[in-house]
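One structure is given here, and the rest of the page talks about it.
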Amino acid sequence: MSREANLERASELLCRAEHAVALTGAGISTASGVPDFRTPGEGLWEKADPMEVASIHTLRRTPDVFYRWVRPIIAAMASAQPNSAHQALADLEAIGQLKAVITQNIDGLHQMAGSRRVLELHGHVRTATCLQCFRKWPAEQVLEPIRRNDVPRCAVCAGVLKPDAILFGEQLPADVFGMAMEHIHQADLILVIGSSLMVMPAAKLPALVHANGGQVLVFNRQPTYADAFAAATFRGDAADILAELAQACAAVRR
Ligand code: ZN
């Protein structure tokens, strides 16, 4: 199908959907300079296995190793700005055409773009928790020491701090996942953006929407399993297409 035909089909489906949701992954934030640390072969990340080093076990046993590895990621997130794909999703929510963003990202860029209903399946880095006394600290308590290559510690008990992102080896936040599932059960359309759908349980969400009779639109550089049943797939940069879709739906609503 040509890009135009694909775009027309996607806009028809999205602009008349009653409960559209988006599922976003690392690919939506790479244009904002946030590295996709799960993708193998990406510069310094190819030297270590993320599942090992970015795990709760490594943080507990060798916090210096953990923080040396996550330092560039956290630093990139701290200075990142949302791009036009984040903006398009915020615009769609503002006109009532998107009910929620379910994200695998921890960078907070959806909220920064203006999205209000964001379900962060893998947590976030806005706050951190002391592994010893469980006090919560703002991001700056982590950022300041890692700029000096130090391990972030609790100002009260000196315990090691853990960013409130879900590390490998930890459970997903059950309350957030429950809210995401409520949207998935109601969804008549899901936009999959920048996720290769390899990480469970987020990976199964498009299949659930499809099984309920909903439509699936995929925006990702690599093929995904959901392409097989998607109403339209877009391989290139998602930002332009999403902006066009948001404009099309805004025009319909006017
Ligand atoms: Zn503490």
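What the table below lists for this structure:
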quantity	calculated
Angle in degrees between helix 63-79 and the longest Cα principal axis of the chain, rounded to the nearest 10	40
Within-13-Å neighbourhood charge of V192 [Cβ basis; K, R +1; D, E -1]	+2
In degrees, nearest ten, helix 238-253 long axis to first principal axis of the chain (Cα)	50
Length-normalised contact order of segment 87-227 in % [C-alpha pairs under 8 Å, at least 6 apart]	17
Segments 52-64, 104-116, 120-132, 145-157 sorted - mean Cβ within 10 Å per residue, highest first	104-116, 120-132, 52-64, 145-157
The chain: projected area of the alpha-carbon convex hull, averaged over directions, in nm²	13.3
C-alpha long axis of helix 174-186 to longest principal axis of the chain, angle in °	0
Magnitude of the charge dipole, segment 109-166, Cβ model with Lys/Arg +1 and Asp/Glu -1, debye to 20	100
Alpha-carbon centroids, segment 178-222 and segment 128-149: separation in whole Å	33
Antiparallel DSSP beta bridges within the chain, percent to nearest 5	30
Modelled FRET efficiency - R0 41 Å, A94 with R68, Cβ distances, 0.05 increments	0.50
Which of A238, L121, V151, positive extreme of dipole for the chain (C-beta unit charges)	V151
In Å, descending, principal axis extents of the Cα set of segment 183-226	26, 19, 15
Summed side-chain charge close to F134 - residues other than F134 whose Cβ falls under 15 Å, Lys, Arg +1, Asp, Glu -1	+3
Relative contact order (percent, whole number), the chain, Cα cutoff 8 Å, 6+ residue spacing	25
Likely footprinting exposure, D36, D91, D49, fewest C-beta neighbours within 10 Å first	D49, D36, D91
About the Cα centre, charge dipole magnitude for the chain (Lys/Arg +1, Asp/Glu -1 at Cβ), debye	580
Normalised per residue, the volume of the convex hull around the Cα set of segment 158-219 (Å³)	99
Charge tally in the Cβ shell below 12 Å around L167, where Lys, Arg are +1 and Asp, Glu are -1, L167 excluded	-1
Segment 141-254, dipole about Cα centre (Lys/Arg Cβ +1, Asp/Glu Cβ -1), debye to the nearest 20	180
Residues Q132 and E244, FRET efficiency given R0 of 51 Å [Cβ-Cβ distance, rounded to 0.05]	0.50
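Taken together, the values in this text are just the output of simple stated rules run on the coordinates, not laboratory data. Since we're looking at a predicted model, the values are computed, not measured. Please note: Cβ atoms are built from the backbone with ideal geometry, for glycine as well, and neighbour counts cover all protein chains shown.
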